[in-house]
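Novice: My questions all concern the structure below.
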Amino acid sequence: MVGRDSSESTVKIYVMGKEYAVPSNLTIMKAMEYIGYRFIRGSGCREGFCGACATVYRIKDEYRLRMVLACQETVQDGMYLTQIPFTPANKAIYDMEEVKPSGNTLLEYYPEIARCLCCNTCTKACPQELEVMNYVQAALKGDFEEAARLSFDCISCGLCAMRCPAEIVPYNIALLARRIYGKYLLPKSREVKRVVREIEEGKYGEELRMLGQMSLADLKKRYAERRIT
Amino acid sequence: MMLTRGYPDYMLESIDLVEATRDRRLKESFGSMQLEEREEILRKYHPDYNARGRRPVRLGPNKGDVFPHEVVDILEAHPLVDPSSIDLTHLDFDLDILIIGGGGAGMTAALWAFYSGVKPENLLIVQKLRLGDSNSIMSQGGIQVADKPYDSPTIHYLDALGGGHFTNNPELLRTLVLDAPRILRWHEGLGVEYDREASGDMITLPCGGASRNRIHSAKDYTGMEIVRNIKDEVINKGVTVIEFTSAVELMMDDADRVAGAVLYNMETGQYYVARAKATILATGGFGRLHIQGFQTTNHYGATGDGIALAYRVGARLRDMDSVQYHPTGAAYPEQIVGLLVTEKVRNLGAQPVNKLGEQFVNPLEPRDVEASAIIRECYEREKGIETPTGMRGVWLDTPMLELIHGEGTIEKNLPAMFRQNRRFGIDMRRSPILVFPTLHFQNGGVEMINANAETTVKGLFAAGEVTGGTHGKNRLMGNSILDYSVYGRRAGISAAQYAKEVKVSRVTLRHVKRYEALLKEAHVETTRSSPILLPEYRGEGVLSHSLDIF
C-alpha cells in the first residue's frame with residue numbers, strides 16, 4: 001500500500017501483519033494513528049510513565065522478539081508489531097497495616113517467586129532496562145532494600161510477566177517489596193511529624209487568617225519583601 | 001539527515017557556543033524580575049493575552065466571560081446523547097458516591113471516603129482509561145510541603161499567592177498549605193519512598209516562584225511512585241472500578257441536586273445509569289484540547305470533560321481564561337515534541353540559554369513568566385534554535401548538573417529524563433536539550449466554593465485539576481500533587497458525610513433539555529457535541545477517505 005504523503009521518507013511497518021507505509025520519524029503510537037487507528041486501549045500518558053502501550057515487535061527476517069513502549073520507540077523498516085494492552089496478572093490482596101517486614105513475607109503472598117528459573121527473560125523484556133531477574137531474586141531472599149532499589153523505575157507495563165516461563169508477575173512483587181520497604185524499613189521524617197503537630201495545635205492558623213484579610217497592596221508588599229533563600 | 005550525538009551539524013554549532021560560555025555561566029546568576037517586569041512580559045508574550053485565542057461564552061453561569069476558543073467550543077456544544085434515548089427507570093448502580101475519574105484526585109477521594117466509613121461496594125470509580133492513567137502519574141518533579149525549620153505554611157501561602165497573581169481563593173489556599181504536612185505523613189504510612197536523608201528527614205529542592213527549598217520528590221518519578229501506592233490501596237480495599245468507561249452526562253434529582261451520571265462503556269457501546277447520593281468530579285484537565293495549537297504534556301484522556309459536564313448542570317467556572325504553559329517542553333527530536341522536561345532540571349541548576357549560549361532569564365521564575373521569557377527569546381529576539389521540522393526552542397544546559405553536583409547526578413536524580421533522551425540518541429549529561437513551552441495545566445476550572453470541595457451545585461463535589469480557585473491564575477510547581485491530595489481527601493470525607501444525610505429521589509436529565517434551550521436562545525448553531533472523551537489524531541489521509549459503515 002502506498003503512503004499518501006510522499007514528501008518525507010517512509011518506512012514499511014506491519015501492524016498485526018498488515019502492511020502500511022508511514023513517515024520514518026514517527027513513534028509507533030503516532031504511526032498507528034497516522035494510518036487510522038484510534039486508540040481506546042493501548043495509549044495512556046504517551047510519555048513513557050504509565051506502561052499502557054506495551055508493544056512487541058520483530059524485524060522482518062530476524063529471530064529476535066523485542067519489547068518496547070509504543071510512545072517511546074521510533075518506527076523501523078520491516079517492523080512486525082502488536083500491542084499488549086492488558087496483562088492478566090495475579091495481584092495479592094493485603095492490608096499494609098498487617099503485613100510484616102520479615103524475610104519470607106513476599107514468598108507468603110507470592111509463593112511462585114520460588115519458581116524463578118534465573119533465565120533472565122524478564123530482564124531482556126523490560127523496556128525500562130531494569131535488572132528484573134535480580135530484583136526477583138532479591139525478593140526471594142527477602143532483601144527489601146535491594147528489590148526496592150532495583151525496581152524503583154518500573155512502570156508496570158506487564159511485559160516481564162507475559163514472558164516469564166515460571167508465570168511470575170515481577171512488577172506486583174516489586175510493588176509490595178517497595179511498599180514494605182517504604183513503610184516499615186525507611187526511617188520516618190521527624191520534621192514532618194513536628195510540623196503536623198504544630199498545625200494541629202493551631203500554630204499557623206492565626207497568621208494565615210490575617211494574610212487572608214490583608215489588602216491587596218499590603219499583600220503585594222509583603223510578597224515583594226519576603227526573603228528568598 | 002546525519003546526526004552526531006543525536007543532533008544535526010547546525011545545532012551542534014550552537015551547542016559549541018553553549019559549551020564555550022558554560023564555565024562563565026556557572027558563576028553567574030541572572031537576576032529575578034520585579035512584579036512590574038513580570039506583568040509586562042506576561043502581557044506581551046504569554047499566550048493567555050493573545051486576543052485572537054479567545055472569545056466570550058454566550059450562555060450559562062459564566063455568560064460573557066472570555067475563555068479560550070477550545071474551551072468555549074466544548075461549552076457551546078450539544079449533549080452526546082439524546083436524553084429521551086436513556087431509560088432512567090433501570091438503575092445499573094445505586095451508590096453512596098460516584099467518583100468520575102481514576103487519577104490521583106479520584107483515587108485519593110475513594111480511599112478517604114472508605115476511611116470515613118463508606119463501604120467499598122457503595123463507591124464506584126469510573127475511569128476513561130486504565131485506573132491510574134492520568135496526569136498525576138506523569139508528574140515528575142515533586143510536591144510542595146513546608147516541613148523544614150527554615151520554612152512555614154505561611155511562607156508557602158505567600159509564595160503560592162504571589163505566583164497566582166493574588167487571585168487565589170484565600171480559604172482554599174490556606175487549607176492547601178495547612179493540610180500539606182498531613183498528606184506527606186499519610187504517604188509515608190502507605191510506603192511512598194520520598195528522597196530522604198539517612199535520618200529520615202526529606203530532601204528538598206527549590207522550585208520556580210518558591211522562596212524556600214520546598215519540593216519533595218521521588219527521583220523524577222514522583223507522580224508514578226505516589227499513584228502506584230494509592231492505586232494498590234484502592235484495589236486492596238475492594239473499591240469498585242470500571243475502566244474504559246466515561247461519564248457522558250450528570251444526572252439530577254427532583255430537588256435539582258446532582259445524583260450520579262449516565263456512563264458509557266467505550267468498548268461495547270452500552271450505557272449504564274449510575275445513581276449516587278454524592279458525585280465527585282475528578283476528571284483532570286484539558287491539555288488534549290491543544291489550546292492555541294500548543295503541544296501538550298498531558299495524558300491521552302485530558303479532554304476537559306468535567307468542565308462540560310459540570311457546566312450543563314449549572315456549575316460556575318472560574319479562571320478558565322488562564323492556561324499554564326510549562327516553560328520546558330521537549331522541542332527536539334520530533335518524536336518527543338511537547339513532552340515534559342521536569343522543572344526539577346532547573347531546580348538542580350540547569351540554565352535556559354539561547355542559540356548564542358547566553359542566559360536570558362533567571363531559571364526559577366514562576367512558570368508563566370519563565371515561559372513568556374522563552375517565547376520572547378525565540379519569536380521577538382530571534383535567538384532561538386530552529387529544529388529540522390520548523391519548531392523553535394532554547395537550550396536547557398543539562399551538563400551543568402554534573403558539574404555542580406558531581407558525575408552521576410543525572411542518572412541518579414533524573415532517570416526518566418535521561419532514559420527518554422537516550423532512547424533518541426541524546427546524552428543529556430554531555431549535550432544540552434532543546435526546550436519550548438508546552439501546554440501543561442488547567443489553572444482554573446469548576447469553582448470550588450469552600451474547603452469541603454463543594455461546587456456551586458448541591459451534590460457535586462470536585463477535586464484536582466478540574467477545579468478552580470486554589471491556584472488562582474497560575475499554579476506553582478509542586479502544588480498540583482498537593483492539590484489533588486488535599487482536596488481529593490477532603491472531597492472523599494465531605495461526600496461521605498453528605499451521603500449519610502441526603503436521600504435522593506427520582507433521577508432526571510431535565511437539565512440537558514434546559515441546556516439545549518439555552519443554546520437555542522443564545523443562537524449557538526453548531527454540530528459540535530461534548531464531552532469529547534478522546535482526542536482525534538488519525539491521519540488526514542485516512543479521515544478524508546473514511547466511510548462510516550461498520
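The values are calculated or read from the model by the stated rules, or taken from the named source; none is laboratory data. Values in this document were obtained by computation on a predicted structure and should not be read as measured data. When we count neighbours, we look across all protein chains shown, and the Cβ atoms used for this are built from the backbone with ideal geometry, even at glycine.
Novice: Given the criterion assigned by TED's automatic domain parsing to the domain that holds B:ALA261, of a type in the set (S, T, N, Q) and over 20 Å from the mean Cα position of the chain (by Cα), identify the matching residue among B:THR279, B:THR297, B:THR283. Don't jump to the end; show me each part of the working.
Specialist: Values: B:THR297 fails: over 20 Å from the mean Cα position of the chain (by Cα); B:THR283 fails: over 20 Å from the mean Cα position of the chain (by Cα).
After ruling out the rest, the residue left standing is B:THR279.
Novice: Oh, and also: Take region B:236-262 and flag every residue that is among the hydrophobic types (A, V, I, L, M, F, W, C), away from chain A (no Cβ under 11 Å) and not in a strand (DSSP E or B).
Specialist: Residues satisfying the conditions are B:VAL239, B:ALA255.
Novice: Within region B:320-341, how many residues are crowded, with 24+ Cβ neighbours inside 10 Å and in contact with a Gly (Cβ under 6 Å, 6 or more places away or on another chain)?
Specialist: 4
Novice: Here are some conditions: (1) assigned by TED's automatic domain parsing to the domain that holds B:ALA315; (2) crowded, with 21+ Cβ neighbours inside 10 Å; (3) not aromatic (Phe, Trp, Tyr). B:PRO432 meets all but one. Which one does it not meet?
Specialist: So B:PRO432 meets the others, but not (1).
Novice: Given the condition farther than 24 Å from B:ASP321 by Cα and of a type in the set (A, V, I, L, M, F, W, C), answer yes or no: does some residue in region B:62-84 qualify? Spell out the reasoning first.
Specialist: Residues of region B:62-84 farther than 24 Å from B:ASP321 by Cα: B:80-84.
Still in the running and of a type in the set (A, V, I, L, M, F, W, C): B:80-81.
Checked region B:62-84: at least one residue is farther than 24 Å from B:ASP321 by Cα and of a type in the set (A, V, I, L, M, F, W, C).
Novice: Still on this model: Being in the same structural domain as B:ARG275 (by TED's automatic domain parsing), touching a residue at least 24 places away in the same chain (Cβ under 8 Å) and of a type outside the set (Gly, Ala, Ser) narrows it down to one of B:THR154, B:THR89, B:THR108, so name that one. Lay out the reasoning, then the answer.
Specialist: Working: B:THR154 fails: touching a residue at least 24 places away in the same chain (Cβ under 8 Å); B:THR89 fails: touching a residue at least 24 places away in the same chain (Cβ under 8 Å).
Within the list B:THR154, B:THR89, B:THR108, the selection yields B:THR108.
Novice: Here is a further query. B:GLY357: over 16 Å from the mean Cα position of the chain (by Cα), surrounded by fewer than 24 Cβ atoms within 10 Å (Cβ to Cβ) and farther than 22 Å from B:GLY208 by Cβ, yes or no? Don't jump to the end; show me each part of the working.
Specialist: Details: over 16 Å from the mean Cα position of the chain (by Cα): yes; surrounded by fewer than 24 Cβ atoms within 10 Å (Cβ to Cβ): yes; farther than 22 Å from B:GLY208 by Cβ: yes.
The answer is yes for B:GLY357.
Novice: Please work out if B:LEU173 is in contact with a Phe, Trp or Tyr (Cβ under 8 Å, 6 or more places away or on another chain) and buried (at least 22 other Cβ atoms within 10 Å of the Cβ). Don't jump to the end; show me each part of the working.
Specialist: Working: in contact with a Phe, Trp or Tyr (Cβ under 8 Å, 6 or more places away or on another chain): yes; buried (at least 22 other Cβ atoms within 10 Å of the Cβ): yes.
So B:LEU173 passes the test.
Novice: Can you tell me which condition B:LYS27 does not meet? The list is (1) without any contact (Cβ under 8 Å) to a residue 12 or more places away in the chain; (2) surrounded by 11 or more Cβ atoms within 10 Å (Cβ to Cβ), and all the others hold.
Specialist: (2)
Novice: Restricting attention to region B:220-235, which residues are at the interface with another protein chain (Cβ under 7 Å from one of its Cβ atoms), out of contact with any His (no Cβ under 9 Å at 6 or more places or on another chain) and not acidic (Asp, Glu)?
Specialist: If we filter region B:220-235 for residues that are at the interface with another protein chain (Cβ under 7 Å from one of its Cβ atoms), which is where we start, we get B:221, B:224, B:228-229, B:232, B:235.
Restricting the remaining residues to those that are out of contact with any His (no Cβ under 9 Å at 6 or more places or on another chain) gives B:221, B:224, B:228, B:232, B:235.
Scanning region B:220-235 gives B:TYR221, B:MET224, B:ARG228, B:ILE235.
Novice: Here is a list of conditions, (1) farther than 28 Å from A:PRO101 by Cβ; (2) more than 7 Å from chain B (Cβ to nearest Cβ); (3) without any contact (Cβ under 8 Å) to a residue 60 or more places away in the chain, and A:ALA166 meets all of them except one; can you say which number that is?
Specialist: With respect to (1) farther than 28 Å from A:PRO101 by Cβ; (2) more than 7 Å from chain B (Cβ to nearest Cβ); (3) without any contact (Cβ under 8 Å) to a residue 60 or more places away in the chain, A:ALA166 is out only on (1).
Novice: Would a scan of region B:192-214 turn up a residue that is without any contact (Cβ under 8 Å) to a residue 12 or more places away in the chain and buried (at least 22 other Cβ atoms within 10 Å of the Cβ)?
Specialist: Scanning region B:192-214 turns up no residue that is without any contact (Cβ under 8 Å) to a residue 12 or more places away in the chain and buried (at least 22 other Cβ atoms within 10 Å of the Cβ).
Novice: Does A:VAL75 satisfy the condition of being within 14 Å of another protein chain (Cβ to nearest Cβ) and touching a Ser or Thr at 6+ places or on another chain (Cβ under 9 Å)?
Specialist: Details: within 14 Å of another protein chain (Cβ to nearest Cβ): yes; touching a Ser or Thr at 6+ places or on another chain (Cβ under 9 Å): yes.
Taking the combined requirement at face value, the residue satisfies it.
Okay, residues lined up against (1) at the interface with another protein chain (Cβ under 9 Å from one of its Cβ atoms); (2) assigned to a loop (DSSP other than H, G, I, E, B); (3) in contact with a Leu (Cβ under 9 Å, 6 or more places away or on another chain):
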position: A:LYS30; (1), (2), (3): yes, no, no
position: A:GLY36; (1), (2), (3): yes, yes, yes
position: A:ARG41; (1), (2), (3): yes, yes, yes
position: A:PHE49; (1), (2), (3): yes, yes, no
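Novice: Hey, which of the helices (runs of 4 or more DSSP H) in region A:131-220, taking only ones fully inside, have at least 3 residues that are modelled with pLDDT under 95? Lay out the reasoning, then the answer.
Specialist: Numbers: elements: A:132-141, A:144-151, A:159-163, A:170-180, A:190-200, A:205-213.
In region A:131-220, the matching helices (runs of 4 or more DSSP H) lie at A:205-213.
Novice: Separate question: Condition (residue is under 18 Å from the mean Cα position of the chain (by Cα), in a loop (DSSP other than H, G, I, E, B) and under 15 Å from B:ARG174 (Cα atoms)) applied to region B:458-470: is it met by at least one residue?
Specialist: Checked against the condition, which is being under 18 Å from the mean Cα position of the chain (by Cα), in a loop (DSSP other than H, G, I, E, B) and under 15 Å from B:ARG174 (Cα atoms), region B:458-470 yields at least one hit.
Novice: Now, a different point. B:GLY260 - would you say it is assigned by TED's automatic domain parsing to the domain that holds B:VAL118, in contact with a strand residue (DSSP E or B) (Cβ under 6 Å, 6 or more places away or on another chain) and more than 17 Å from B:SER530 (Cα to Cα)?
Specialist: Yes, satisfied.
Novice: For A:ASN25, all conditions in the list (1) modelled with pLDDT under 95; (2) surrounded by fewer than 16 Cβ atoms within 10 Å (Cβ to Cβ) hold save one; what is the number of the exception?
Specialist: Of everything listed in (1) modelled with pLDDT under 95; (2) surrounded by fewer than 16 Cβ atoms within 10 Å (Cβ to Cβ), A:ASN25 misses just condition (2).
Novice: Moving to a separate point now. Any chance you could count how many residues in region B:357-408 are among the aliphatic types (A, V, I, L, M), in a loop (DSSP other than H, G, I, E, B) and touching a Pro at 6+ places or on another chain (Cβ under 7 Å)? I'd like the intermediate steps shown before the answer.
Specialist: The first filter runs over region B:357-408 and keeps only residues among the aliphatic types (A, V, I, L, M), leaving B:361, B:364, B:369, B:371, B:373-375, B:385, B:391, B:394, B:396, B:400-401, B:403-404.
Right, trim to in a loop (DSSP other than H, G, I, E, B) and you get B:361, B:364, B:391.
When the remaining residues are screened for being touching a Pro at 6+ places or on another chain (Cβ under 7 Å), the result is B:361, B:364.
Counting residues in region B:357-408 that are among the aliphatic types (A, V, I, L, M), in a loop (DSSP other than H, G, I, E, B) and touching a Pro at 6+ places or on another chain (Cβ under 7 Å) gives 2.
Novice: Here's something else I'd like to know. Does B:ILE374 satisfy being touching a residue at least 40 places away in the same chain (Cβ under 8 Å), more than 14 Å from chain A (Cβ to nearest Cβ) and surrounded by fewer than 19 Cβ atoms within 10 Å (Cβ to Cβ)?
Specialist: Working: touching a residue at least 40 places away in the same chain (Cβ under 8 Å): yes; more than 14 Å from chain A (Cβ to nearest Cβ): yes; surrounded by fewer than 19 Cβ atoms within 10 Å (Cβ to Cβ): no.
Answer is no for this residue.
Results for (1) in contact (Cβ under 8 Å) with a residue 60 or more places away in the chain; (2) part of a helix (DSSP H, G or I); (3) not assigned by TED's automatic domain parsing to the domain that holds A:GLY44, shown as yes or no for each residue.
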{"position": "A:MET67", "(1), (2), (3)": "yes, no, no"}
{"position": "A:ALA89", "(1), (2), (3)": "yes, no, yes"}
{"position": "A:GLU98", "(1), (2), (3)": "no, no, yes"}
{"position": "A:CYS118", "(1), (2), (3)": "no, no, yes"}
{"position": "A:THR123", "(1), (2), (3)": "no, yes, yes"}
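Novice: Another question, then. Please pick out the residue among B:THR467, B:THR455, B:THR438 that is within 14 Å of chain A (Cβ to nearest Cβ), modelled with pLDDT of 95 or more and crowded, with 24+ Cβ neighbours inside 10 Å.
Specialist: Details: B:THR467 fails: within 14 Å of chain A (Cβ to nearest Cβ); B:THR455 fails: within 14 Å of chain A (Cβ to nearest Cβ).
None of the other options fit; the residue is B:THR438.
Novice: Tell me, which residue of region B:204-219 that is within 10 Å of chain A (Cβ to nearest Cβ) and not small (Gly, Ala, Ser) is nearest to A:ALA148 (Cα to Cα)?
Specialist: Among them, the one singled out is B:LYS219.
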